[in-house]
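The values are calculated or read from the model by the stated rules, or taken from the named source; none is laboratory data. Just so you know, these numbers come straight off a predicted model, no measurement behind them. All Cβ positions, even for glycine, are placed from backbone atoms using ideal geometry, and neighbour counts span all protein chains on display.
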Amino acid sequence: MKNKFSKMDKPLLILMILLCSIGLIMVFSSSSVAAILRYNKPPTYFFIRQLIFLIASFIGGIVIINIPLSWYKRISWLLVAGIIAVLVLLLIYGGLTNHAQSWFYIPGTGFAIQPSEFAKSFIIIFMATFYNSLVKRKINNVYLYLIPLSMAGIIGILILMQPDFGSAAILLAIAFCIFISVPMQKSNIPKIAMILGIGAIVLGVLLLYSGSDILNSEQMSRFKFQNPCQRYKEKTGYQVCNGYIAINSGGLTGVGIGKSTQKYLYLPESHTDFIFAVLVEELGLICGIGVLMLYAILLYRILKIAKESYNLRNSIIAYGTFWLFAFHIIINLCGMLAILPLTGVPLPLMSYGGSSTINFIAMLFLCEAVAIDNKSTKYNYEVNKIVNSRK
């Protein structure tokens, strides 16, 4: 374990701990009032739960960095098949919250699991191992390259049927970004573009004439997201406008930790979707920009690990993690600012949530495993180079 720790990307580990710590503090500050007034719970209710999620995540992370990356090839198909089966079962037996059937509730615990969060990571792992195998064996069959994208499409549709537009959009965007980054023969590109175009048209027609509403009225209302303060009596306008008020109230230096007024039930999701608004209100715009800079450095470290990888599997794992975090950050912040529709996407390592927290930290530790493997491969390569030069 000591040897593995020495090879980890230390800046990435420090950033992960720092963002989790800031997030934990903000979860306590933003949720304490809602815990009492809305949920009739102690003020530390969400704080303690988030702390449990973080401890479990870091313990799981230690396990992840000790698993050989080659092992994921053996279970990648099982992960994808398993998550498809779970998502199908979710549509039948899942619990309904906020008009979405996205959670399995664990009886007697008060905890719930959101499979769509883990689906994003499973598709990254599957695409990494699948494409690495194709490139390694120099296979140029265009239809084989479309298999992972098809799996992502099936999973995306199942998530959309919950309906969870935000998670489905992120999963499909990640899959597409990975797909276009995979090296393939240039002669196959027009054929792939044609197949994808036909597939998109067929899917659109099927959805249009299926007779079912993929998005309910609650989700559809979120596409009316501009000018929120002119729609204050509407749910999306009410939330975003109060987010504006929180940001404006904070100014440059904030009103002080724990002194937010918007968390007094003005912001219904103050410890999840709008945690950044409360952070800016209490700590100020300067601290808000500081957090954004931490995210930027985090993304840079992940991208650096991807570029330093010696095989396609490692590169895609890190590259996919980069897009996982980037899309969540962009969609959460743009939704909060009414630049994009509000979709309920959590802010990585900051927002309250068990499944999302565990998944984000697991993927960061998987990136650390890639960093360890990269350094071990580089060391072995240099040793072999020295040995061969002496022969």
Q | Residues satisfying the stated conditions in region 63-76, i.e. exposed (fewer than 14 other Cβ atoms within 10 Å of the Cβ) and within 21 Å of the chain's Cα centre (by Cα) | A | Val63
Q: Would you check if there is a residue in region 186-194 being surrounded by fewer than 21 Cβ atoms within 10 Å (Cβ to Cβ), within 20 Å of the chain's Cα centre (by Cα) and touching a residue at least 24 places away in the same chain (Cβ under 8 Å)?
A: no
Q) From the list Leu285, Leu279, Leu303, which one is crowded, with 23+ Cβ neighbours inside 10 Å and assigned to a helix (DSSP H, G or I)? A) Leu279
Q | Residue list for region 325-384, filter: outside any helix (DSSP H, G or I), in contact with a Gly (Cβ under 6 Å, 6 or more places away or on another chain) and farther than 29 Å from Arg313 by Cα | A | Leu342, Thr343, Gly344
Q.
One residue is enough: does region 262-271 have a residue meeting the conditions under 19 Å from the mean Cα position of the chain (by Cα), in contact (Cβ under 8 Å) with a residue 60 or more places away in the chain and more than 25 Å from Gly237 (Cα to Cα)?
A. no
**Q.** Among (1) among the hydrophobic types (A, V, I, L, M, F, W, C); (2) modelled with pLDDT of 65 or more; (3) within 23 Å of the chain's Cα centre (by Cα) - the single one Ile214 does not satisfy
**A.** (2)
Q.
Quick check on region 83-104. Is at least one of its residues surrounded by 13 or more Cβ atoms within 10 Å (Cβ to Cβ), at pLDDT below 95, aromatic (Phe, Trp, Tyr) and on the phi < 0 side of the Ramachandran plot?
A. yes
Q.
Criterion first (within 19 Å of Thr343 (Cβ to Cβ), surrounded by fewer than 17 Cβ atoms within 10 Å (Cβ to Cβ) and either under 21 Å from the mean Cα position of the chain (by Cα) or not hydrophobic (A, V, I, L, M, F, W, C) (or both)) does Ile123 satisfy it?
A. no
Q. Does Ser29 satisfy the criteria of being surrounded by 21 or more Cβ atoms within 10 Å (Cβ to Cβ) and outside any helix (DSSP H, G or I)?
A. no
Q: Any chance you could count how many residues in region 5-24 are assigned to a helix (DSSP H, G or I) and crowded, with 16+ Cβ neighbours inside 10 Å?
A: 10
Q: Could you tell me whether Ile317 is within 29 Å of Ala128 (Cβ to Cβ), touching a residue at least 60 places away in the same chain (Cβ under 8 Å) and either in contact with a helix residue (DSSP H, G or I) (Cβ under 7 Å, 6 or more places away or on another chain) or not charged (D, E, K, R) (or both)?
A: yes
